[in-house]
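Read the structure below first, then the notes.
The values are calculated or read from the model by the stated rules, or taken from the named source; none is laboratory data. Here the structure is a predicted model, which means the values were calculated and not measured. Note that we place each Cβ from the backbone using ideal geometry, even for glycine, and neighbour counts take in every protein chain shown.
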Amino acid sequence: MIKLPARRTLAAGLTAGALLTLTACAGDDLAEDESGGSGSGGGETVRIATANFDEAVLMAALYEEVLEDNDYEVDVSAVDARPTYMGDFPAEFDIVPEYVAALGDYLNVEANGEGAEPIAASDVDDALAQVEPLAEDAGITLLEPSPAASQNAFFVTEEYSQDNGVTALSDLEGESVVLAAAPDCEGRPDCEGGLAQVYGIEVSKLLPLGYASPETYKSVLDGESDLGLTGTLDGTLDDQGLVLLQDDRGIQPAQNLVPAVSSDFLADHEDVRALLEDLMAALDNATLGELIARVTVDREQAEDVAEDFLEQAGLTSDS
């Protein structure tokens, strides 16, 4: 088993002034609390794993800031693909920011083999009904998902779209394309598998350049790839001269954001449920899209965007 390196992304300490204020308010009891925090975590460590693309890193930063504000120490490991961190979850990690159907498909294959029928529900409640038993069997509890959903999406250049009359994926039926995407796109029903089976698109080559990564954008812009993988909330495409194609045959299932938590960890830290579910409730597609744009377009640091949003939403203290 590979132990992934821990990565701290947000400052956890209190300022000296804030600490003095808290001490004055709390008296001798606080003096006995070595962590100096005001939350319920008691200085215990929470291990978070996430994929290493901007949206996932932002979600991990939001989780981290909320938990640190409630006196947890947080270690974050960011890796390239779901199978890498999921192979160590829940044994080596406590919490993973996830997407309902994508997590379900992974757990489904792990439990039932490569030929397992995929999670295909576009309704989040229907998808949860399929995913939750798989998660429970794996020692994972899914908390209440967010209204915000980020699905796979595919893009081409404006020039390609105009020259070939391509605005929807069905316009590529019968065509052979080179696809720049995440490594785990191959065979997935919401990715390469769906393009081939539902749309009749031949993916002649899959370049494993990443999900919404600079390398994937560049590959399409340079003509190395015809089609690139991103998410439905990607706000960078217009400025790059790229066009999002309509998923007109609906291969994308319910991909609502959801905290996946080790059931054993949650049993000992039930307070984490309310902290993360309040965060989920505060996010919708418009809000999350704006936050992602601050990271991907404005190039703000994910931890700064997370801290600013959570303070404004009243989900963390501002001191």
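Restricting to region 160-186, name every residue that is of a type in the set (Gly, Ala, Ser), surrounded by fewer than 22 Cβ atoms within 10 Å (Cβ to Cβ) and in contact (Cβ under 8 Å) with a residue 40 or more places away in the chain.
Start the filter on region 160-186 by keeping residues that are of a type in the set (Gly, Ala, Ser), which leaves 161, 165, 168, 170, 174, 176, 180-182.
This time we only want the ones that are surrounded by fewer than 22 Cβ atoms within 10 Å (Cβ to Cβ), so: 161, 165, 168, 170, 174, 176.
Ser161, Ala168, Ser170, listed by residue number.
Can you name the residue in region 152-190 that is part of a loop (DSSP other than H, G, I, E, B) and modelled with pLDDT under 95 and, of all such residues, is nearest to Asp284 (Cα to Cα)?
First, pick out the residues of region 152-190 that are part of a loop (DSSP other than H, G, I, E, B): 165-167, 173-175, 182, 186-190.
Narrowing further to those that are modelled with pLDDT under 95: 182, 186-190.
Values: Ala182: 25, Glu186: 29, Gly187: 29, Arg188: 26, Pro189: 25, Asp190: 22 Å.
The qualifying residue nearest to Asp284 (Cα to Cα) is Asp190.
In a helix (DSSP H, G or I) and more than 24 Å from Leu134 (Cβ to Cβ): is that true of Ala306 in this structure?
Details: in a helix (DSSP H, G or I): yes; more than 24 Å from Leu134 (Cβ to Cβ): yes.
When the stated conditions are applied, Ala306 passes them.
Okay, residues lined up against (1) of a type outside the set (Ser, Thr, Tyr); (2) surrounded by fewer than 19 Cβ atoms within 10 Å (Cβ to Cβ); (3) without any contact (Cβ under 8 Å) to a residue 60 or more places away in the chain:
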| site | (1), (2), (3) |
| --- | --- |
| Asp222 | yes, yes, yes |
| Ser263 | no, yes, no |
| His269 | yes, no, no |
| Ala293 | yes, yes, yes |
| Glu311 | yes, yes, yes |
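Sort out which residues of region 297-308 are surrounded by 19 or more Cβ atoms within 10 Å (Cβ to Cβ) and within 17 Å of the chain's Cα centre (by Cα), and write them in order of number. Talk me through it step by step, then tell me what you get.
Quick first cut of region 297-308, residues surrounded by 19 or more Cβ atoms within 10 Å (Cβ to Cβ) only: 302-303, 305-307.
Scanning region 297-308 gives Ala302, Glu303, Val305, Ala306.
If you take the residues of region 194-206 that are of a type outside the set (Val, Ile, Thr), surrounded by fewer than 18 Cβ atoms within 10 Å (Cβ to Cβ) and touching a residue at least 12 places away in the same chain (Cβ under 8 Å), which of them is nearest to Thr296 (Cα to Cα)?
This residue is Lys205.
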